[in-house]
Each structure stands twice: as structure tokens, then as C-alpha cells.
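To start, the structure itself, in C-alpha cells.
The values are calculated or read from the model by the stated rules, or taken from the named source; none is laboratory data. Please read these numbers as outputs of a predicted model, since none were measured by experiment. Please note: Cβ atoms are built from the backbone with ideal geometry, for glycine as well, and neighbour counts cover all protein chains shown.
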């Protein structure tokens with residue numbers, strides 16, 4: 001399939017917005033008082049692939065959970081022009097494809113088909129549309145034969161792919177992945193990198209895997225202590241030893 | 001504060017929904033103590049059986065599964081207009097862990113809910129454990145056991161029915177206990193409880209069936225017949241069926257014809273109305289109370305509350321010992 | 001990543017109550033609840049005395065007077081059931097309703113019964129809250145063990161509490177994952193049928209069940225590897241000291257006074 005066809009198939013909105021993600025001065029503190037985000041400002045253009053790196057506790061996961069409203073902070077967030085508010089949450093969730101770090105948290109149906117179909121079914125789509133989307137999504141992650149398999153019995157690599165498929169079926173505007181390559185053996189990791197390269201979606205990927213970052217992502221954003229401390233070309237940032245050191249990173 | 005706001009926004013379904021944790025003050029001392037005795041008896045029996053069946057494995061297994069039930073009760077599903085359904089879990093615990101381990105697991109959950117979270121009283125804990133943990137597990141296992149040899153669709157259907165009946169049974173017994181304690185009028189609280197829990201029971205049935213379906217697909221060994229080699233067929237089948245029948249038959253009796261039950265109670269001297277001196281249903285909270293009113297009345301009322309659990313266990317044991325003797 | 005604040009009912013503080021032997025605290029709480037249950041309807045003076053007792057405990061435990069008060073509004077559904085006591089107890093009629101063909105009569109004794117139930121319930125919850133707030137979990141378990149609760153049950157509860165936050169976190173993440181995929185399109189209704197939603201909730205529970213079950217296998221193996229052979233051994237750090245006996249004695253005396261007040265002594 002030609003990448004452009006995939007792209008048009010995947011996008012749901014008819015009039016493309018230039019910016020997939022707009023985050024303006026986002027603040028967030030957990031109920032127990034811990035301040036996780038101290039004014040995060042980020043813009044991601046359509047089709048861009050951005051890596052989000054930083055030490056544990058920097059606020060990467062917390063920020064990602066702001067994007068589809070699971071956590072609500074202060075500040076403006078817009079997904080393809082749609083502001084993220086309480087009222088718009090159901091539509092926002094169709095646009096943000098959030099994949100958690102642990103696929104076991106994400107796969108909760110007895111069969112792969114049912115898990116991937118959950119999103120479209122919840123959206124109220126007719127049965128044949130649901131089936132078409134599931135097929136397309138599984139195709140994209142190269143797991144077309146897995147319809148009737150049980151997610152519970154799959155390997156970590158397979159589960160991660162299915163987890164990605166579950167959000168692809170909703171045709172999101174932006175794919176947000178939390179530590180996708182964590183826990184994968186080299187072969188599964190290679191497969192994942194290949195998959196991410198092939199998907200022409202806007203992507204925001206949080207990861208410790210700087211080798212993968214160098215391979216896949218032109219733009220890198222470094223977060224530390226709830227703030228963005230660097231945002232620029234991956235190669236340039238990875239060459240800045242002092243910067244990496246200061247934020248607990250090691251060049252690959 | 002959050003709880004007040006929650007209550008003010010709640011719908012009637014939510015207010016009564018699976019709110020079977022009786023706080024202290026709503027059961028009088030005799031009822032609470034009798035329920036404690038029944039609960040302790042069943043728990044003691046369950047402890048011995050699990051010791052025999054599982055040995056040392058039992059503690060980490062049941063501890064973690066108790067934590068599972070607690071966590072699983074957090075899993076909700078939206079029903080309508082802001083209300084959501086939850087899982088109680090008695091039937092799930094019994095079908096997957098066996099009746100005795102299931103009962104211990106549920107008892108631990110309910111005990112901790114009362115002790116740490118004030119969800120249910122301390123004096124009333126015996127009744128709560130009996131209603132929500134022991135009776136539900138017995139009904140669930142009893143009914144499931146009777147169809148263990150059948151195909152999956154039949155078993156799932158029976159699990160669903162058992163889950164619904166377990167919720168109804170718990171609501172039924174709770175209403176009886178409230179009435180016997182003089183806290184509420186039977187002809188009001190019983191239909192209300194049963195009516196609300198008839199709907200909630202459907203949610204319990206669907207969640208339980210979904211969970212058992214998932215588990216039996218991924219790990220069929222955890223719900224298979226081989227697990228229950230220690231129990232005899234007929235005892236459980238008959239006991240479970242009797243328990244379910246008792247609930248089903250007694251509920252409409254109590255709710256549809258409240259005058260009937262109250263008239264019987266009046267005839268037996270339990271209730272007197274229209275007298276100049278107020279005759280208290282429970283005149284004193286001390287032992288003399290048992291002597292003042294006919295013992296048969298008390299026994300009749302208490303049996304109504306405990307019949308589900310006691311009958312199931314007694315019949316099961318009687319039949320199993322007879323079956324063992326005849327071999 | 002996320003923490004469910006489930007077990008934060010314990011309030012760290014240095015107070016007379018905190019320092020009491022946990023067995024004493026459990027027994028005192030139970031005695032108080034039983035005493036409250038024994039008080040007859042309408043024993044307002046005795047209820048007030050009990051309230052003062054509960055308040056003093058709350059104060060002595062440095063909880064702040066409003067701490068326990070705030071958490072006691074949990075009994076609403078049963079309060080609604082108890083309202084029917086107003087029309088259940090024979091006595092002097094206060095009001096009458098005609099509903100359909102039946103007459104509902106509310107009596108003074110009924111109102112007294114209802115209010116007494118509320119009072120007993122509220123008092124019991126107060127004391128229970130003081131118990132939980134001043135006794136941490138390991139101490140509570142020790143207390144249960146010493147009060148002859150079977151070792152098996154105490155061990156099960158111990159394990160349960162240990163893994164409660166772990167499993168609750170897993171449940172919360174499952175709920176989040178479902179939320180993240182619960183999208184709606186602007187131009188159509190969705191959400192699925194309640195039956196489907198219930199089934200999915202069941203799947204989630206089933207998944208959690210299997211993960212928990214297999215986790216218990218791993219825990220059991222870890223225990224075996226450390227020499228577990230079926231029995232738990234615990235060192236008893238609790239010895240009854242003088243102030244524990246005093247607390248017990250004071251409680252018994254105070255509750256006796258309450259009971260006497262409830263029975264109408266002194267008369268008049």
C-alpha cells in the first residue's frame with residue numbers, strides 16, 4: 001500500500017490541521033501534592049515524529065496522560081485544533097492513540113479481534129466498518145493472522161504490536177507511545193522500529209532507547225523535573241555530551 | 001466531604017446499589033450475635049477444608065486473590081445516567097477457587113473493608129460476611145457444581161443465573177436482618193432491596209460471566225471439573241439448588257404478601273399494634289428478651305435469615321457422608 | 001507511576017491513644033460499640049455521654065475534633081431503610097397518610113427508634129475511625145492475632161494488604177486503558193450497549209484475576225525459596241503496660257456509667 005493511501009485511510013478529519021498537538025504552559029500536580037509538570041510548552045506538526053526523553057520522574061508519562069484528558073492539568077492543550085476539555089474528551093480520545101508501557105494493562109479482551117475492535121465498537125460504528133478497521137489495523141502491525149488468538153498468551157513483542165493496533169483502529173491523529181521498546185528482545189525491538197518507521201502518523205514517543213531515537217526521530221525533546229529543557233534536532237542534541245549528562249542521559 | 005457530594009448527586013440505583021455493607025447500629029445485638037455465630041462456624045469449617053486441600057499454598061494464594069477481589073470491585077461499567085455497576089465477586093471467587101477458599105477470600109475482603117474503611121460495622125461484620133461472602137459463594141458453587149459436566153455455554157449461563165441469585169439472596173437476607181432488628185418495616189425495605197438488586201444482580205451476572213468466560217478461555221484448568229475432586233456431586237447439586245429455591249420462593253412471599261408475614265408475626269405475639277402501651281418489638285437488648293417472646297418465633301425468624309447457608313451445607317454434608325458410606 | 005491512596009487511614013501522630021497497646025484499642029472499640037447497641041431507644045443522656053467519650057478519644061488522639069466527624073456520613077442508604085422504623089413501631093400516632101387503600105401511621109416511638117438508630121450508628125463509626133486512625137496495619141494484625149483470630153486468617157489478611165495497592169494500581173491502569181479507548185464521534189451515538197460494557201468489565205476482571213493468580217504462584221515460589229514451610233512466626237512486640245490496663249479500666253467504668261444512665265439511673 002502506498003504510504004499516502006495509508007495516510008489518508010488513517011486520518012479521520014477531513015480538513016487537515018497543520019499542528020497535531022499544541023500544548024501551552026501545562027502545569028499539573030498529583031493529589032498528594034507532588035508537582036509533576038511545571039509549564040510544558042510543545043508543538044508537534046502533522047506527520048512529525050518526535051522523541052520524548054528524560055530521566056524517570058521527569059513527567060513524560062504524566063504529560064502524555066494530559067493529552068487525552070486522563071489527567072487534567074492547567075494550561076491549553078489542543079489536538080488537531082480541538083481543545084481538550086471535559087466536554088470534548090470523547091472526541092479527543094478518538095484522536096489521541098495512547099499506548100501504555102505495559103501491554104498487559106491495555107489488552108483486556110479474550111481475543112485479539114475483540115481487543116482491537118473495542119475502540120471502533122465504542123464509537124458506535126456499524127459492524128462491517130468495525131471489521132474493516134480491525135483488519136486494516138492488524139495489517140499495519142503485520143499481525144493479520146492473529147484475529148482469534150488470545151492476547152493473554154502472546155509474547156511481549158506480539159502484545160506490544162496488538163496494543164498499537166488497538167489504537168490504530170480508532171484512526172487517531174497522533175500516536176503517543178510510552179516506552180514502546182522496553183522489555184523487548186533484539187528481534188522484537190527491530191520489528192517495532194520497522195513498524196514505527198512504516199506508520200506515516202504523527203508520533204510522540206517517550207523512551208530511554210536513544211539508539212532507536214537516533215534511528216527514527218529527527219526531533220528530540222528532553223524533559224527533566226517537569227519542564228522541557230531542550231527541543232531540537234536529534235543529532236545535534238545527542239552530540240551535546242554535557243547536556244545529556246546534566247539530565248541523566250547517555251549517548252548511544 | 002467528597003462522600004456527601006457523591007451522595008447528593010447519586011441516583012436511587014446508586015444509593016442502594018450493592019450497598020449491602022450494614023453499618024453498626026442497624027442490627028440489634030441478638031441478630032448481630034447470631035449472624036456472627038453462623039459466620040464463624042462456616043469460616044472455621046472453610047479454614048479446615050482449605051488447609052486440607054491446599055496446604056501451605058493457601059495463604060499466598062488466598063491473600064492475593066482477596067486483594068484481587070478488592071481491586072476487581074473497582075472495575076465498573078456505566079449503566080445509565082451516571083450510575084455504574086460493580087462486581088461483588090462471591091460467585092466468581094467460588095467458581096474459580098472452590099467454595100471454601102472462595103468463602104475465606106470474601107470474608108477477608110469484607111472484614112478488611114469494615115475494619116479499615118468503615119465500610120460495614122464491626123458488630124455487624126458477622127452478618128455482612130454471612131450475607132455477601134458466605135451465602136453468595138455457596139449459591140455460586142452449588143449451582144455451578146451441578147452443571148460441571150456440561151458444555152461451556154450452559155456453564156456460563158448457570159454462572160450468570162447464580163450470580164444474580166446470589167445478589168438477590170444477599171439483599172433478601174439483609175432485609176430480613178434489618179426487620180428482625182426492628183430497624184425497618186419488612187413490607188417496605190424488602191421490595192425496595194429486592195427490586196433494586198434485581199437490576200444490580202443483572203450487572204453482577206454479566207460481569208461474572210465475562211470474567212469466567214475470559215478465564216476459561218485462557219486457563220481452562222482453573223474452572224474445570226478436576227479442581228473439585230474432593231466434593232461429591234449430588235450433595236452440592238441438591239444443596240445449591242435448595243438454597244437457590246429457598247431464595248426464589250421466599251422472596252415473593254415476603255414482598256408480595258407482606259401482610260401475610262406480618263399477620264403471622266402478630267399471631268405469634270411478635271408484633272402487637274393498637275395497644276395503649278407501646279409494645280416494643282425488641283423490648284430489651286439483653287438476654288431476658290429471649291425468654292419474654294416465644295422461642296419458636298425467634299427460631300422461625302432466624303431460620304428465615306440463615307436457611308440459605310445452613311441448609312446448603314447440612315444437606316451437602318449429609319449426602320456426602322451417606323454417599324461415602326454406601327461405597 | 002500512579003498510586004491509589006487506599007491505605008492512608010492511619011494518621012501518624014504522638015498521642016496517648018497512639019501509644020496504647022493495639023489489643024486494648026480493639027477491645028475498647030468493640031466494648032464501646034456493644035455498649036451503644038445495648039442502650040435502649042431514647043436514652044438521649046446516655047447517647048450524649050457516649051458522644052463525649054468518643055469526642056475525648058478523638059481529642060486525646062490528636063486527630064482534631066472534626067477528623068472523625070467528617071468521615072461518618074457513609075450510612076445514608078441504610079438510614080433510608082431505617083426511616084421506615086417511623087411507621088413500624090407502635091406508639092402514639094404523629095401523622096397519618098393514605099396511600100392507595102392503606103393507612104400509614106407514623107408514631108412518636110417510631111421517630112425515637114429512628115433517631116436512636118442514627119445515634120448508635122454514628123457513635124459506632126466515630127470510635128471505629130479513632131481505632132483505624134491511631135493503629136497502623138501491622139499493629140492491627142498483631143492485635144487480631146492476640147485476640148485469638150486464627151493464624152490463617154491473619155496471614156491471609158496480611159498478604160491481602162501487602163498486595164492491595166499493587167493490584168489496585170493494576171486495576172486502575174486497566175480502567176485508564178479502557179478510558180483511553182472509549183471515544184465517541186461527534187456525529188453519532190456510541191458507547192455500546194450496557195450488556196457489552198458489562199461483559200468488557202468482566203473481561204477486565206478476568207484478566208486481572210489471571211495476573212493475580214499467576215503472581216501468587218511467583219510469590220509462593222519466592223517464599224519457598226526463603227524456607228517457608230507453612231507456618232508464620234511472629235515476634236510479639238506488644239506487652240501490656242500499666243497505662244494499657246488503666247485505659248481498659250477507665251473504659252469499663254465509663255461505659256458502665258453510660259449503661260446506668262441509659263437504664264435511667266439516677267431517676268428523674
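Does residue A:82 count as at the interface with chain C (Cβ under 9 Å from one of its Cβ atoms), closer than 17 Å to residue A:46 by Cα and within 19 Å of the chain's Cα centre (by Cα)? Walk me through it before giving the result.
Numbers: at the interface with chain C (Cβ under 9 Å from one of its Cβ atoms): no; closer than 17 Å to residue A:46 by Cα: yes; within 19 Å of the chain's Cα centre (by Cα): yes.
It is false that residue A:82 is at the interface with chain C (Cβ under 9 Å from one of its Cβ atoms), closer than 17 Å to residue A:46 by Cα and within 19 Å of the chain's Cα centre (by Cα).
If a residue counts only when it is at pLDDT 80 or above and closer than 24 Å to residue B:189 by Cβ, which helices (runs of 4 or more DSSP H) contained entirely in segment C:33-118 have at least 3 such residues?
C:76-82
Out of everything in segment B:1-47 that is out of contact with any helix residue (DSSP H, G or I) (no Cβ under 8 Å at 6 or more places or on another chain) and at pLDDT 90 or above, what residue ends up being nearest to the other protein chains (Cβ to nearest Cβ)? Spell out how you get there, then give the answer.
Taking segment B:1-47 first, the residues out of contact with any helix residue (DSSP H, G or I) (no Cβ under 8 Å at 6 or more places or on another chain) are B:2-6, B:8-11, B:14, B:41, B:44.
Now narrow it down to the ones that are at pLDDT 90 or above: B:41, B:44.
Working: B:41: 13, B:44: 8 Å.
Here the residue is B:44.
This table checks each residue for (1) in a helix (DSSP H, G or I); (2) within 8 Å of another protein chain (Cβ to nearest Cβ).
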site	(1), (2)
B:66	yes, yes
B:71	yes, yes
B:87	no, yes
B:91	yes, no
B:94	yes, no
B:103	yes, no
- prompt: So residue C:202 clears everything in (1) modelled with pLDDT of 90 or more; (2) surrounded by fewer than 24 Cβ atoms within 10 Å (Cβ to Cβ); (3) facing another protein chain (nearest Cβ under 7 Å) except one condition, right? Which one?
  reply: (2)
task: Looking for whichever is within 18 Å of the chain's Cα centre (by Cα), in contact (Cβ under 8 Å) with a residue 60 or more places away in the chain, in a helix (DSSP H, G or I) and buried (at least 21 other Cβ atoms within 10 Å of the Cβ) here; the options are B:189, B:173. Which one fits?
output: B:173
Failed criterion for residue A:148 (all others in (1) within 20 Å of residue A:199 (Cβ to Cβ); (2) not in a helix (DSSP H, G or I) hold): (1)
- request: Report, by residue number, each residue of segment C:127-170 that is assigned to a helix (DSSP H, G or I), more than 9 Å from every other protein chain (Cβ to nearest Cβ) and closer than 23 Å to residue B:46 by Cα.
  value: C:141, C:142, C:143, C:145, C:146, C:151, C:154
- prompt: Do you know which residues across segment A:75-104 are surrounded by 22 or more Cβ atoms within 10 Å (Cβ to Cβ) and either at pLDDT below 90 or at positive phi (or both)?
  reply: A:80
- request: Report whether or not residue C:11 is more than 8 Å from every other protein chain (Cβ to nearest Cβ), at pLDDT below 85, within 28 Å of residue C:144 (Cβ to Cβ) and in contact with a helix residue (DSSP H, G or I) (Cβ under 7 Å, 6 or more places away or on another chain).
  value: yes
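Run down B:149, B:120, B:111 and say which single residue is modelled with pLDDT under 95, in a loop (DSSP other than H, G, I, E, B) and within 14 Å of chain C (Cβ to nearest Cβ). Talk me through it step by step, then tell me what you get.
Details: B:149 fails: within 14 Å of chain C (Cβ to nearest Cβ); B:111 fails: in a loop (DSSP other than H, G, I, E, B).
Going through B:149, B:120, B:111 in turn, just one is modelled with pLDDT under 95, in a loop (DSSP other than H, G, I, E, B) and within 14 Å of chain C (Cβ to nearest Cβ): B:120.
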query: Could you count how many residues in segment A:166-225 are away from every other protein chain (no Cβ under 14 Å) and either more than 10 Å from the chain's Cα centre (by Cα) or farther than 23 Å from residue A:238 by Cβ (or both)?
result: 39
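Residues checked against (1) buried (at least 19 other Cβ atoms within 10 Å of the Cβ); (2) under 20 Å from the mean Cα position of the chain (by Cα):
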site: C:76; (1), (2): no, yes
site: C:102; (1), (2): no, no
site: C:115; (1), (2): no, no
site: C:142; (1), (2): yes, yes
site: C:145; (1), (2): yes, yes
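Just to be sure before I move on: is residue A:172 modelled with pLDDT under 95, buried (at least 23 other Cβ atoms within 10 Å of the Cβ) and in contact with a helix residue (DSSP H, G or I) (Cβ under 9 Å, 6 or more places away or on another chain) in the structure I sent?
Values: modelled with pLDDT under 95: yes; buried (at least 23 other Cβ atoms within 10 Å of the Cβ): yes; in contact with a helix residue (DSSP H, G or I) (Cβ under 9 Å, 6 or more places away or on another chain): yes.
Taking the combined requirement at face value, the residue satisfies it.
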- prompt: Applying the selection to segment A:102-138, what residues are in contact (Cβ under 8 Å) with a residue 60 or more places away in the chain and either outside any helix (DSSP H, G or I) or away from chain C (no Cβ under 14 Å) (or both)?
  reply: A:106, A:136
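Could you pull out the residue among B:202, B:165, B:207, B:139 that is part of a helix (DSSP H, G or I), within 13 Å of another protein chain (Cβ to nearest Cβ) and crowded, with 24+ Cβ neighbours inside 10 Å?
Working: B:202 fails: crowded, with 24+ Cβ neighbours inside 10 Å; B:165 fails: within 13 Å of another protein chain (Cβ to nearest Cβ); B:139 fails: within 13 Å of another protein chain (Cβ to nearest Cβ).
Only one candidate passes the filter, namely B:207.
For segment A:122-145, check the following and say yes or no: at least one residue is touching a strand residue (DSSP E or B) at 6+ places or on another chain (Cβ under 7 Å) and buried (at least 17 other Cβ atoms within 10 Å of the Cβ).
Let us first name the residues in segment A:122-145 that are touching a strand residue (DSSP E or B) at 6+ places or on another chain (Cβ under 7 Å), namely none.
No: zero hits.
Just give me the residues in segment A:226-243 being within 23 Å of the chain's Cα centre (by Cα) and in a helix (DSSP H, G or I), in sequence order.
So in segment A:226-243, the residues within 23 Å of the chain's Cα centre (by Cα) come out as A:226-235, A:237-238.
Of everything in segment A:226-243, those that are within 23 Å of the chain's Cα centre (by Cα) and in a helix (DSSP H, G or I) turn out to be A:234, A:235, A:237, A:238.
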query: Taking segment A:151-165, which residues are within 14 Å of chain C (Cβ to nearest Cβ) and buried (at least 18 other Cβ atoms within 10 Å of the Cβ)?
result: A:151, A:152, A:154, A:159, A:160, A:162, A:163, A:164, A:165
query: Can you find a residue in segment C:171-184 that is more than 7 Å from chain B (Cβ to nearest Cβ), closer than 30 Å to residue B:43 by Cα, in a helix (DSSP H, G or I) and touching a residue at least 40 places away in the same chain (Cβ under 8 Å)?
result: no
